[in-house]
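The values are calculated or read from the model by the stated rules, or taken from the named source; none is laboratory data. Here the structure is a predicted model, which is why all the values come from computation and not from measurement. Methodologically, a virtual Cβ is constructed for each residue, glycine included, from the backbone with ideal geometry; neighbour enumeration extends over all protein chains shown.
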Amino acid sequence: MKNCLQDKLYFCIMALNTQLQNRSNNVCEICSEKDDNLQAYAVPPKNDDTIDNVVALCSNCLGKITASDFTDSNYWRCLTGSIWSETPAVQALSYKLLGKLKAEEWASETLDSVFLDEAITDWANAEDEMAANKVVHKDSFGVELELGDTVILTQNLNVKGANFIAPKGTVVRKIRLVPDNAEQIEGKIEGDTIVILTKYVRKQA
Ligand SMILES: [Zn+2]
């Protein structure tokens, strides 16, 4: 299983494996066009090439999806067909794309007429929800912190459980952001990975 880096700027796109070639019959699973260069697209937030997570896409569909280009709404009428796929990944992607087009009557009617498992609609909505709830970590000066940053402690910290005090000025490299808590980061001090409150650090420029 391959994993891909995934955030707004990265998409998980891979060559088709045999399983996906068979499932898709070598046509795009969204628009049904034949394309010799179909790609496996992991429907976010899934980010690996497991067969259940990917959709075979033609270069047109893939290009528009990765560019979030829904201006040509007629192009996407193919979704009224693909939404009825029996493949969960295709259902999830179709549902998600129809959501982008729901200002169009045909798209909102299609969304109203399908009944999908909650797991599928949750999957389809997950990326937008994650973006809406994006947790932003900021240092004591309000500067945004990112994965891999180096920070400096702005005061002496008593490291719980480790029985030592990390002095003010301690440099902590390669921090990690605690995903669901904007006030916490993780970093290594004296070999121990500890949780540090963002209000006690300053990002090193
Ligand atoms: Zn296509």
Restricting attention to the stretch 11-31, does a residue exist that is more than 13 Å from LEU93 (Cα to Cα), within 16 Å of the ligand (Cβ to nearest atom), part of a strand (DSSP E or B) and at pLDDT below 95? yes
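Take GLN39 and tell me if it is outside the structural domain of SER113 (by TED's automatic domain parsing) and either at pLDDT below 95 or in contact with a strand residue (DSSP E or B) (Cβ under 6 Å, 6 or more places away or on another chain) (or both). Explain how you work it out, then say what you get.
Values: outside the structural domain of SER113 (by TED's automatic domain parsing): no; either at pLDDT below 95 or in contact with a strand residue (DSSP E or B) (Cβ under 6 Å, 6 or more places away or on another chain) (or both): yes.
The answer is no for GLN39.
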Does ASP35 count as within 18 Å of the chain's Cα centre (by Cα) and of a type in the set (Asp, Glu)? no
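Among the listed residues LYS203, LYS168, which satisfies the condition of being more than 30 Å from ASN74 (Cα to Cα), in contact (Cβ under 8 Å) with a residue 60 or more places away in the chain and in contact with a strand residue (DSSP E or B) (Cβ under 7 Å, 6 or more places away or on another chain)?
Numbers: LYS168 fails: in contact (Cβ under 8 Å) with a residue 60 or more places away in the chain.
None of the other options fit; the residue is LYS203.
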Tally the residues that are surrounded by 18 or more Cβ atoms within 10 Å (Cβ to Cβ) and either of a type in the set (Asp, Glu) or without any contact (Cβ under 8 Å) to a residue 40 or more places away in the chain (or both), restricting the search to the stretch 89-100. 3
